[in-house]
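Worksheet: one structure, shown below.
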Amino acid sequence: MALEQDTGTPRHQRADAARNRQRLLAVAADVLRERGLEASVGEIAERAGVGRATLFRNFPTKQDLITAVVLERIREGVAEGEAMLETGGDQEILFPFMKLLVGRQRVDRALFESVGGEAFLTDERMRQAHAAIIDLIDRLIAHDQRLGYVREGLGAVDMLMLIKGACAVATSMPDLGPQALDRHLSLVRGAIAPPGRDYPLEGTAPTIDDLHARPVSER
């Protein structure tokens, strides 16, 4: 049996460090969601109940912290997709997974938008996470194609583009309300369906008046 001194760090200290890291990730996700990327690391450390030194010991830069939070979100998404594959049976799972990702990116919009920069795209951990998402979506597509839910020829990058498009609709046209996103997603579902399988469109077609409407409180 390995001795504690072999690692140089007692077990209880390692456990405390792991808890601090998870606490920082959870609090950072909340703060970034509330305040956007302008939130300071000092604010995150304070809300997490740790010192700045503890934060910087775990995440040397703010970019490292943001990347870690995004990676955690991606891992959660992949885990949920894997669970869908395991338990899906003969059920449709690609479109439900797409709705899950769109909903998550709507909540964490600023966070996910931050990973478009070159510094994030060249991060090897991000590249691996991206590859994991692509691999998962490919398998979700294959599952649904085998059962006749999805048209042939659809690829994982196709789905990523559709997911990004749905997120753009949700964020660039907020005046249309959440029902517009539901309608847009139903259009996407119809587009990826094979010939002969029809899905009803949700809601009604938005009009130009809907597009420019403002809540009474903002007029």
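Nothing in this text is a laboratory measurement; each read-out follows from the coordinates by a stated rule. Here the structure is a predicted model, which means the values were calculated and not measured. Positions of Cβ are generated from backbone atoms using ideal geometry, with glycine treated the same way; all protein chains shown enter the neighbour counts.
If neighbour count is taken as other Cβ atoms inside 10 Å, put L185, L37, L160 in order from fewest to most. Provide the component values of the computation, followed by the final result.
Values: L185 21, L37 11, L160 16.
Listed from fewest to most nearby Cβ atoms, that is L37, L160, L185.
Starting with the fewest neighbours, write out R189, R33 ranked by other beta-carbon atoms found within 10 Å of each beta-carbon. Can you show the working numbers first?
Working: R189 22, R33 15.
Ascending number of Cβ neighbours within 10 Å: R33, R189.
Report the local net charge at I74: Lys and Arg +1, Asp and Glu -1, summed over other residues whose C-beta lies under 10 Å from its C-beta. It would help to have the intermediate numbers written out before the result.
Values: positive: R73, R75, R104, R125; negative: E72, E76.
Its environment carries a net charge of +2.
Sort F95, F56 so that the residue with the fewest other Cβ atoms within 10 Å of its own Cβ comes first and the one with the most comes last.
On the way: F95 20, F56 15.
With the sparsest Cβ surroundings first, the list reads F56, F95.
Quick one: grab the alpha carbon gyration tensor of the range 61-198, order the square roots of its eigenvalues as a ≥ b ≥ c, and give me rounded if a/c is under 1.5, else prolate or oblate depending on whether a/b is larger than b/c. Please list the in-between numbers first.
Working: a/c = 2.14, a/b = 1.35, b/c = 1.58.
Note, shape of the range 61-198 comes out oblate.
Using a cut-off of 12 Å between beta-carbons, work out the net charge of the residues near D90 (Lys and Arg +1, Asp and Glu -1, D90 not included).
Surrounding charge for D90 is -1.
With Cβ to Cβ distances under 13 Å as the rule, what net charge do the other residues near D198 carry (K, R +1; D, E -1)?
Values: positive: R151, R189, R197; negative: none.
Once positives and negatives cancel, what remains is +3.
Residue by residue, what Karplus-based ³J(HN,Hα) values in Hz, rounded to whole numbers, does the range 93-104 have, using 6.51, -1.76 and 1.60 with θ = phi - 60° and x for Gly and Pro?
3J(HN,Hα) across the range 93-104, in whole Hz: 10, 5, 5, x, 5, 4, 4, 4, 5, 4, x, 5.
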